[in-house]
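Bear in mind that the values in this text are calculations on the coordinates, not laboratory data. Since we're looking at a predicted model, the values are computed, not measured. Note that we place each Cβ from the backbone using ideal geometry, even for glycine, and neighbour counts take in every protein chain shown.
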Amino acid sequence: MQFMTVDEIARHTLADHERGEEISPGVVVERRTILRFGVATAGFAAVSGLGLAGCASRAKNSGSPANTRGTKPACAASADEFVAAVMPQARALIAAPAPDEEAYLAAVTALLARVESPPTWRASPASRDWSMDTIAYYPPIVLMQIKMAPRSVIHLHDHRHYNGVLLATQGAARCRNFDIVQPDGKRLDIAAGEVPGKGEDFLIRQNADTVLRPRQLSTLTRDRDNIHHVEAGDEGATLVDFFTHFSPKARSYELSWDGKAYDEAKGLYKVAWKDA
Ligand SMILES: [Fe+2]
């Protein structure tokens, strides 16, 4: 299966490497990747002590998708520090009666741009041309790394009950984002996970088509650009994916399509859920 449920992410993370384990020649895991409560609490203190919030970044961020370009971050942070810094905002976001996902993602991307690429990597399953490794999972947030072989494709899928940031760290990947077109006579609450039914053809509109290179990113909310298709360039790609789950039901569902525009001028494509 291409995408994991929240339970699968938890099992995957708990089954992660042990401290001291050598996962590839010369690469020894320094810590388990799951963040337990005590570690996270220590992390909050560490972030305050480091003054991460006040650390100036040279990364540019204009607030729209796929827009961060810049040089190396002015003040690097570890994944733990990032998680600790973002956690209060993530918890406030999902508890809010009217969550402001755009403001949250703008704040998160500024911090994510400073995170150092994780040094370790789980051996990729041979049957896949891309793979994901959990860097940190501390509900409601997940930080993952994706490695894509040259020209490999992460097929069209949604992000139901969660938002995300996709940040390129190596190589290049073409990222196309889409929204569900509201069917005639209906008003779906897409942010709440209300989508066209199984077995039903429906239309999506392409909103963005961008090649992400290192330090460039793409964001999506529960009801903006929530469906995407990612294709690695000739040299492959490494990306960091950051997710915030609004519900234990958060997961992705794949869509089928023929890739041909239904209405080219309007950027519309006909799709259906593959296994929803
Ligand atoms: Fe995705």
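Along the axis of the charge dipole computed for the stretch 183-276 (Cβ charges of +1 for Lys and Arg, -1 for Asp and Glu, origin at the Cα centre), the listed residues 255, 183, 267 are led at the positive end by 183. The Cβ shell under 9 Å around residue 77 holds other residues with a net charge of -2, Lys and Arg each +1, Asp and Glu each -1.
Label-to-label distance for residue 155 and residue 201 is 1.9 nm, based on points extended 7 Å past Cα in the beta-carbon direction.
Loop-located trypsin sites (Lys or Arg not before Pro) across the stretch 166-248 with a Cβ neighbour count of 13 or fewer within 10 Å are 186, 187, 198, with loop assigned by DSSP.
Each Lys or Arg adds one and each Asp or Glu subtracts one; over the other residues with Cβ under 12 Å from the Cβ of residue 234, this totals 0.
Among the GluC sites (Glu not before Pro) within the stretch 169-276, those in coil by DSSP and having at most 15 neighbouring Cβ atoms inside 10 Å are 194, 200, 264.
Applying 0.36 nm per residue to the separation of residue 194 and residue 116 and subtracting their alpha-carbon distance, the gain on full extension is 24.4 nm.
Taking 0.36 nm per residue of separation and subtracting the Cα-Cα distance, full extension of the segment from residue 103 to residue 254 would add 51.6 nm.
Straight distance only, please: which aspartates and glutamates reach the Cα of residue 147 with their own Cα at less than 17 Å, same-chain residues fewer than 8 apart left out? Once the sequence-local aspartates and glutamates are set aside, what remains near residue 147 is 116, 129, 133, 231, 234, 235, 241.
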